[in-house]
Amino acid sequence: QDWSPQKIENLFQKADNIYQQTHSHIQNKILINVFFEPSTRTSLSFECAMKRLGGQVINFQKDTSSLKKGESFEDTMTTLSLYGDLMVLRHPQPGQVVLASSIIDVPVINAGDGSGEHPTQALLDLYTMYKHFGRDFQTKTVLFIGDLKNSRTIHSLLLLIHKYPQMSIHILSYPGLEPEEDVFQKISNIHGQKKDTIRIKFESINYQLFDVIYITRLQQERLQTGESSLCNFMMTNKIADKMKEDAIIMHPLPRNEEIHPEVDQNHRCHYFKQMKYGVDIRMSLISEILSKKN
């Protein structure tokens with residue numbers, strides 16, 4: 001939240017050239033990957049990023065750790081911090097990443113804290129827009145579709161987009177999973193949009209209006225007791241072909257039924273590029289953090 005657009009652009013430029021740079025300051029450094037929630041892309045991309053930079057990785061396994069013997073979260077974090085130079089932490093409970101960073105001496109990267117935030121995903125998402133549109137991404141119109149109440153990815157991405165007031169934001173939520181009212185108010189205040197135009201209805205959607213359609217899955221694991229919803233949208237090639245020629249479709253993955261596999265071959269599909277860019281952004285971030293630590 002305290003990053004300026006200039007600092008974000010500096011990171012993007014670093015990512016553009018990350019494979020042409022030398023990273024001698026990463027030699028003999030160890031990244032500790034600590035995931036209390038399942039992950040494929042985030043966990044492996046951090047491991048891949050650190051190894052591409054020439055560093056080493058330790059992966060913490062909670063199911064075979066001393067947590068099973070009653071060890072506290074605080075003691076676990078303190079122990080792990082003694083074994084490396086940088087920690088990547090994901091936890092299902094919001095606030096635990098902040099807690100960890102307050103009690104250990106090594107830098108902590110938030111790899112997702114429950115339904116709270118996922119800042120490195122947001123950075124790679126914005127970087128994906130930057131790679132496609134160039135600096136013109138700052139004037140584009142984005143439609144978010146999905147579980148906007150529980151999506152930490154969207155919570156973080158909105159914080160970044162708010163740094164670019166010329167961008168326009170629209171929201172199409174699954175039933176009962178709209179974000180809080182203050183989210184709409186903030187969009188209205190920062191981006192100069194009328195609140196009643198921010199919400200989009202399925203029956204009146206004009207796909208030609210959007211440069212980016214960002215879709216998320218239904219977060220079943222984050223629904224409250226007694227709460228239920230459904231995914232009432234599927235992106236298909238028929239829908240994709242109604243979009244602008246240079247528009248892009250994004251998704252943080254994993255996906256369920258909200259994007260048909262046929263869209264994978266559509267030129268607007270960018271969710272696999274997001275994965276590739278995720279390694280580049282995380283390499284840049286690790287390099288930046290460890291250069292300051294030296």
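Per DSSP H run of n ≥ 4, the term is -39500 (n - 2.57); total these for the chain, divide by its residue number, and report the mean residue ellipticity at 222 nm rounded to 500 deg cm²/dmol.
Numbers: 10 runs with 108 residues, N = 294.
The helix contribution divided over the chain gives -11000 deg cm²/dmol.
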Probe 1.4 Å - accessible area at residue 178, Å² to nearest ten: 80 Å²
Accessible-area order (highest first, 1.4 angstrom probe) of the listed residues 263, 279: 279, 263
Dipole of the range 120-213, positive end: most advanced residue of 184, 134, 122 [Cβ charges, Cα centre]: 134
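Extension gain residue 51-residue 10, at 0.36 nm per residue separation less the Cα-Cα distance, in nm? Before the final figure, lay out each step's value.
Details: separation 41, 0.36 × 41 = 14.76 nm, distance 2.25 nm.
Residue separation times 0.36 nm, minus the Cα-Cα distance, leaves 12.5 nm.
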Tail weight of P(r) past 15 Å, computed on alpha-carbon pairs of the range 21-82, percent: 56 percent
Accessible area, probe 1.4 Å, largest first, for residues 40, 79: 40, 79
Surface accessible to a 1.4 Å probe, residue 255 within the full protein complex, Å²: 60 Å²
Cα→Cβ-extended label distance, 7 Å offset, between residue 257 and residue 59, nm: 3.2 nm
Estimated FRET transfer efficiency (residue 25, residue 178; beta-carbon r; R0 41 Å; 0.05): 0.35
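So, with a 1.4 angstrom probe, what is the percent of accessible area on the range 41-132 that is carbon and sulfur?
The value for the range 41-132 is 47 percent carbon and sulfur by accessible area.
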Over 35 Å [Cα-Cα, the chain], rounded percent: 20 percent
Pair residue 98, residue 188: separation of 7 Å Cα→Cβ label points (nm): 2.7 nm
Cβ-derived FRET efficiency at R0 35 Å, residue 292 paired with residue 234, nearest 0.05: 0.20
Heavy-atom accessible area per residue - the chain, 1.4 Å, Å²: 46 Å²
Range of Cα positions in the range 235-278 per principal axis (Å), largest first: 28, 23, 13
Above-threshold pairs, the threshold being 26 Å between Cα atoms, out of 14/273; 62/131; 7/273: 62/131
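The values are calculated or read from the model by the stated rules, or taken from the named source; none is laboratory data. Model, not experiment: these values are computed from the prediction. Note that each Cβ is placed from the backbone with ideal geometry, even for glycine, and that neighbours are counted across all protein chains shown. Areas reflect the complete protein model, heavy atoms only, side chains present, ligands, DNA and RNA absent. Shrake-Rupley method; radii C 1.70, N 1.55, O 1.52, S 1.80 Å.
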